[in-house]
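Structure in structure tokens, see below.
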Amino acid sequence: MTTFDITIAGAGLAGSECALQLAESGMRVRLVEMKPHHRNEAQNSDNPAELVCSNSLRANGLHNAVGVLKEEMRRLGSYLMEVADATAVPAGGALAVDREAFSARITKLLEDHPNITLEHREFGALDTGADEDIIIATGPLTHGGLKDSLEALLPGNLYFYDAIAPIIAADSIDRDVVFACSRYGKGDGDDYLNVPLNEEEYHRFVEDILAADTVPLRDFEDARYFEGCLPIEIICSRGPMTAAFGPMKPVGLNDPRTGEQPFAVIQLRKENLEGTAYNLVGFQTKMTWPAQQKLLESLPGLGKVEVLRYGSIHRNMFINAPQLLTDGLALKDHPRIRFAGQITGVEGYVESIACGLALAYIIRMERQGEGVTPPPHTTSLGALLSHLHTPNEDFQPSNIHFGHFAPVPGKKMRKRFKKAFMAKRALEDITAWRDSLNTPPVGPVRIQQTPEDSNGGTT
């Protein structure tokens, strides 16, 4: 009877990357995949590593945080990034792949690896007393016995609907218009920023929201919203003043420049301790991304807004990672149970692969007796992991964006120079981190892009 060092539930992007990394390092991996016996509502293929929504892995340049993340993963020996580059199709500045070829190549890698046993069955109920380490990488549509087990194990810390408000870059906010003030003066002075609207601006904004294009629900999604996180367009549809008495209420928020209370406000709350990003309080939405951009640019003080993450609402399942997980992505109360991929609260194809890659490095460090040394916060991988460990009263899934990175110290830079500096710093630091470990990469290490050598430009 075969014994395994580790069992991974789910052969999606995170599970496949993690399995290949651990198997290549010599561990015996059991990879449990429910297809072809069962597919969830989003799946169409029987192969592992299926790209269910799009064939795009988003921007490929180093001016974008996800492009930096992909380049870091290449330097860390990611198998799935190698396959993505090998199966790429023309897509301008993005990395898009032939999704069938991409999945087929990864399937072959998994099936051919002598240290991987691929079992096609549902994982079933979770055994918290198992003798082996278990990685849950079943994604946002986890179901059946495993879902029931997680509900019982993590009461109140497992979410089944993903309600996300837009996040914007702090340095794109016009502070001559937007004022800092917490309601009734509570908290620190800049915990919240406030976009003031007069009566005419408010009613025009509500009209624009109601007229905006929205993303239609998919067949397996139904419009059962929680009252505590209603889409802003649903709130506005309940009456022209509903938002003014809801998320846009101005009470306790006097504009220090006028001494008066605006007719309505949009509050921006710090997204991170460094204050490089803010989210729009109460602005969960199913509006299309172009509609969100247009609406935000119409607001006072946000005419040049940089959106780091657009809002969305869709069916999802994720855990309260900052509350539950250790630095090793293990449950604090059950350290042999770990999580990888979208179920942790990372959002997107690339981020899921990166999470699986990071977890493999962590497990290898632990197995070789090293302390867990996460990538620096200056890197995109470190920033992504930091998102999963930063306490947040309203933790929500997120793509990687520059707002997650450690801020740039010292002089203020123009935006394009700042991003070039952050990309250069990230790749230098991820390379130094990799070379400092006693657990070198086991996958294919490559360098595809090198950032421009720029120290930035002062404003």
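What follows is calculated from the coordinates using simple rules that are stated; it is not laboratory data. All values reported here derive from a predicted model rather than from experimental measurement. In this analysis, Cβ positions are derived from the backbone assuming ideal geometry, glycine residues included, and neighbour counts consider all displayed protein chains.
As an exercise, use a Förster radius of 22 Å and the Cβ-Cβ distance of Asp148 and Thr326 to find the FRET efficiency, rounded to the nearest 0.05. Intermediate results must be reported in sequence, preceding the final value.
On the way: r = 24 Å, r/R0 = 1.09.
Taking R0 as 22 Å, the efficiency between Asp148 and Thr326 is 0.35.
In the structure shown, do any of Lys249/Lys415; Lys108/Lys424; Lys249/Lys294; Lys249/Lys270; Lys70/Lys147 have a Cα-Cα gap over 28 Å, and if so which? Don't skip to the answer; put the middle values down first.
Values: Lys249/Lys415 32 Å; Lys108/Lys424 35 Å; Lys249/Lys294 22 Å; Lys249/Lys270 18 Å; Lys70/Lys147 31 Å.
Over 28 Å Cα-Cα: Lys249/Lys415; Lys108/Lys424; Lys70/Lys147.
Counting only helical runs of four or more DSSP H residues, what would the 222 nm mean residue ellipticity of the chain come to if each run contributes -39,500 (n - 2.57) and the total is spread over all its residues? If you can, show how the numbers build up before the last one.
Details: 12 runs with 138 residues, N = 459.
My calculation for the chain gives -9000 deg cm²/dmol from helical runs alone.
Could you work out the relative contact order of region 167-310? I mean the mean sequence separation of Cα pairs under 8 Å and 6+ apart, divided by the number of residues, in percent. Don't skip to the answer; put the middle values down first.
Working: 231 pairs, mean separation 56.0, N = 144.
After rounding, I find 39 percent.
What ranking, highest mean first, results for peptides 361-370, 124-133, 198-207, 5-14 when packing means the other Cβ atoms within 10 Å averaged over each residue?
Details: 361-370: 17.4, 124-133: 13.3, 198-207: 15.8, 5-14: 26.6.
Packing order, densest peptide first, comes out as 5-14, 361-370, 198-207, 124-133.
Expressed as a rounded percentage, what relative contact order does the chain have, with Cα pairs under 8 Å and six or more residues apart? Display every interim value, and only then the final one.
Details: 904 pairs, mean separation 98.8, N = 459.
Computed over the chain, the figure is 22 percent.
While we're here: Using label points projected 7 Å from each Cα along Cα→Cβ, tell me how many nm separate Ser436 and His334, to one decimal.
If labels sit at Ser436 and His334, their model points lie 3.4 nm apart.
Output the direction-averaged projected area (hull surface divided by four) of the convex hull of the alpha-carbon atoms of region 279-387, in nm². Don't jump to the answer; show the numbers that get you there.
Values: hull surface 34.5 nm².
Taking the Cα atoms of region 279-387, their convex hull projects to 8.6 nm² on average.
If I model a spin label as a point 7 Å beyond the Cα along the Cα-Cβ vector, how far apart are those points for Ala180 and Asp127 in nm?
So the label points at Ala180 and Asp127 sit 5.5 nm apart.
Taking R0 as 35 Å, what FRET efficiency do you get between Asp394 and Thr3 from their Cβ-Cβ distance, rounded to the nearest 0.05?
My answer for the efficiency is 0.25.
Describe numerically, in nm with one decimal, the distance between label points set 7 Å from Cα along Cα→Cβ at Trp289 and at Arg238.
3.0
Which order do the peptides 437-449, 79-91, 141-153 take when ranked by the mean count of other beta-carbon atoms within 10 Å per residue, highest first?
79-91, 141-153, 437-449
Related question: If the viscosity is 0.692 mPa s and the temperature 37 °C, what translational diffusion coefficient in µm²/s does Stokes-Einstein give for region 167-310 when Rh comes from Kirkwood over Cα pairs? Display every interim value, and only then the final one.
Working: Rh = 15.7 Å.
Using the Kirkwood radius from Cα pairs, D works out to 210 µm²/s.
Peptides 400-406, 329-335: what's the order by average Cβ count within 10 Å, highest mean first? Walk me through the intermediate numbers first.
Working: 400-406: 24.9, 329-335: 16.0.
Ranking, from highest mean packing down: 400-406, 329-335.
Step by step: find N for the chain, compute 2.2 N^0.38 Å, then divide the Cα radius of gyration by it. What's the final number?
It is 1.00.
If you don't mind, another one. For Leu210 and Gln448, what is the calculated FRET efficiency with R₀ set at 60 Å and r taken between the beta-carbons, to the nearest 0.05? Intermediate values should be presented prior to the final figure.
Numbers: r = 45 Å, r/R0 = 0.75.
Result of the calculation: an efficiency of 0.85.
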